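The values are calculated or read from the model by the stated rules, or taken from the named source; none is laboratory data. Keep in mind it's a predicted model, so treat the numbers as computed, not measured. Because the Cβ atoms are built from the backbone with ideal geometry, glycine has one as well, and the counts that use them run over all protein chains shown.
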2 protein chains.
Amino acid sequence: MNNGQKDVQFMALTLEELAKQAGVSRSTVSRAINNHPNVDPETRARVLAIAEKLNYQPNLAARGLAAGRTRVLGLVIPTGVAALFSDPYFPILIQGISSACNAHDHSVMLWLAEPEYERRTIHQILQSGLIDGVIVSSMLGNDPLIKALTEHKKPFVLVGRHPTDSRVSYVDVDNRDAVREAVAYMLRLGYQRIATITGPQDMTVGVDRLDGYRAALRGRGILPDPMLIANGDFTEQGGYAAMQRLLPLEPDGVFVASDTMALGAMRALREVGKRIPDDLGLIGFDDLPLAARLDPPLTTVRQPVTRLGATAVEMLIDLIQEPDPRPRRVVLPTELVLRGSCRTAF
Amino acid sequence: MNNGQKDVQFMALTLEELAKQAGVSRSTVSRAINNHPNVDPETRARVLAIAEKLNYQPNLAARGLAAGRTRVLGLVIPTGVAALFSDPYFPILIQGISSACNAHDHSVMLWLAEPEYERRTIHQILQSGLIDGVIVSSMLGNDPLIKALTEHKKPFVLVGRHPTDSRVSYVDVDNRDAVREAVAYMLRLGYQRIATITGPQDMTVGVDRLDGYRAALRGRGILPDPMLIANGDFTEQGGYAAMQRLLPLEPDGVFVASDTMALGAMRALREVGKRIPDDLGLIGFDDLPLAARLDPPLTTVRQPVTRLGATAVEMLIDLIQEPDPRPRRVVLPTELVLRGSCRTAF
DNA sequence: GCGGTTCATGGGAGCGCTCCCATGAATAAC
DNA sequence: GTTATTCATGGGAGCGCTCCCATGAACCGC
């Protein structure tokens, strides 16, 4: 470093220096650190011990330059997602991803992608040389990012399946089926006129959950009434507004596509004096921590958000290590958590 | 790259290649890109035009190695903070930081620091060579991270002042004074027996807000009653539980140290049939988006969270560019937002 | 008109690491 | 005992960039 600044800083230990301390060559130390097979176990142990003692940390920039791998994963969340600031889903997902990265000796680089992130930012992500792969959460519609990632042959994984492109790797839950079961449960209980508050229809997850709702009705020979489908945006306000629109139509049950929106729906119901579950049954989705504490406790579909994040990380690392063109897919199980927001006896 | 993997990937444009295209040397291109003074304006324009056309992106790993700067900032949030997963404060702060970074052509690396991040992780952060500086949010107590950062001479900025060390740079709001004013306002309205629900007392912000509460009471000659001080942890549940503890003591007003906890307090009050503001006045802190939508709308102290994040970024970049030992401090203004959770006439 | 300065430019060195190849010792094979 | 094979190790090259120094052209003042 010749800019005079770094001299002032705590000087980091280099491989070369560590090698001198251990009485072996730079190459051997590198091999020991990176678990290469052809190293004498004794030598490896000695090197690792000294590295530990001197608290050696490889310089990731140098490693990135030399090997083309930095052990840094990018996490992209489009800020166009209104719920980002209100739905605890995101912090939980971020935590899951971050924690799994730590466990695998990787780091997370966060990209809250602003709407106009078209050209420049995408290429910045891909060519910066700092990132080995990318996790994309809550993709909106047919995001140009996906195309760019594919073109650049940069490994990536979606959290939530891609609506059209089957070559894309993803982790997801079976939203459609989970919702179908939840609504079928309401029907079995005796609910007759079940409405739904949907997620944004430009997100796959929003579409899938609505599909599940329709499938459940059709499974009982009921023709879904478009009037009973109110669009929401995964925010509390969205749920509140949607519930207000549904109220005049007098549904006796509502499937709400997220717990956060269910919270808003409950607020709307409280305002007009409707009681849950006596006047109206409610089922949510997510099983956020708050769901159990609502009044009444919310019956909801539990999805393993932390595991979703951890799985995405593991898939991505796998994909980076063995860049195999075959897409990987994992679908994690959900669970209908029965609480007090549906009446069990009519 | 000799591992055969990168060959398959979209080959990134290098400085050297760009230089050839522009008919100048590598050095001149570097100077043009980095805004060095001694470049012919015409040459610079030509180089930049070609760079734009070919969509050149410097390799940050290489730049980091050569210059010791990567234009990446670390953001550390201890996961010990219970509220991380429920309080929208954090997403808003993260968004503010991320957005400011984008605007300044920097990136954010996220570290959700797990409790046992003592040795290894800290050094990893500092010596990875990937990070120019660090923003630390919601530090707990006297975090060892601060000591490590200082020792390594790594520039850093706190969001929220340091409890003891005056050499540390930070951005904050004047929590004490903001709360003092809020509670003084309640006293002026005629509230007699004002309790408080505090933040965690191992966080400076928790201590400062409690101090403000005490100062307001003392300002009116009232001796703060320790019984009327209920500890919370900035979560909704914490607020709920604290309110339940306060109820038997029959306060007529409560200052709650965060809106999220106020939400919990309102739930506790609703459960026992207490009306706000008639039976009990309430003031929160943060002015989260939800505060205005509560029933009744919550009177609260607004703090500019996005600006807090943006300011932290700007301070840090400044600190990196000119590593001046003088600590920088910025205190942003708050505002008491009057809504319906305090009775104005007795 | 000539020495001194300014300044745009080019090329060398090197940041810390990984990968490849060469070396030589130990082992296996006949 | 000799040749083939395995394998631990060391050193060179180079990843893409920035910084320093050298070069030479243009300009200044007297």
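A few points about this structure:
- Restricting B:Leu112, B:Leu84, B:Leu75 to residues that are at the interface with chain A (Cβ under 7 Å from one of its Cβ atoms) and not in a helix (DSSP H, G or I) narrows the list to B:Leu112.
- Out of A:Ser138, A:Ser166, one residue alone is among the hydroxyl-bearing types (Ser, Thr, Tyr), under 26 Å from A:Ala216 (Cβ atoms) and surrounded by fewer than 17 Cβ atoms within 10 Å (Cβ to Cβ). It is A:Ser166.
- Among the residues of region B:162-201, those that are of a type in the set (D, E, K, R) and over 17 Å from the mean Cα position of the chain (by Cα) comprise B:Asp165, B:Arg167, B:Arg176, B:Asp177, B:Arg180, B:Glu181, B:Arg188, B:Arg193.
- Number of the exception - A:Thr198 against (1) within 24 Å of A:Gly340 (Cα to Cα); (2) in contact with a helix residue (DSSP H, G or I) (Cβ under 8 Å, 6 or more places away or on another chain); (3) of a type outside the set (A, V, I, L, M, F, W, C); (4) touching a residue at least 60 places away in the same chain (Cβ under 8 Å): (4)
- Applying the set (1) under 30 Å from B:Leu126 (Cα atoms); (2) more than 14 Å from chain B (Cβ to nearest Cβ) to A:Ile94 leaves exactly one unmet item: (2).
- Test: B:Ala32 is assigned to a helix (DSSP H, G or I), within 11 Å of DNA strand C (Cβ to nearest atom) and either at pLDDT below 90 or in contact with a helix residue (DSSP H, G or I) (Cβ under 8 Å, 6 or more places away or on another chain) (or both): yes
This table checks each residue for (1) within 14 Å of chain A (Cβ to nearest Cβ); (2) farther than 23 Å from A:Leu294 by Cα; (3) touching a residue at least 24 places away in the same chain (Cβ under 8 Å).
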position	(1), (2), (3)
B:Glu250	no, yes, yes
B:Gly284	no, no, yes
B:Pro297	yes, no, yes
B:Thr306	yes, yes, yes
B:Glu314	no, yes, yes
B:Ile320	yes, yes, yes
B:Pro327	no, yes, yes
B:Leu336	no, yes, yes
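- Single residue of region B:45-78 satisfying the filter (away from DNA strand D (no atom under 12 Å from the Cβ) and over 36 Å from the mean Cα position of the chain (by Cα)) that is surrounded by the most Cβ atoms within 10 Å (Cβ to Cβ): B:Ile50
- Filter pass, A:Glu42 being over 30 Å from A:Ser99 (Cβ atoms), more than 10 Å from DNA strand D (Cβ to nearest atom) and at pLDDT 85 or above: no
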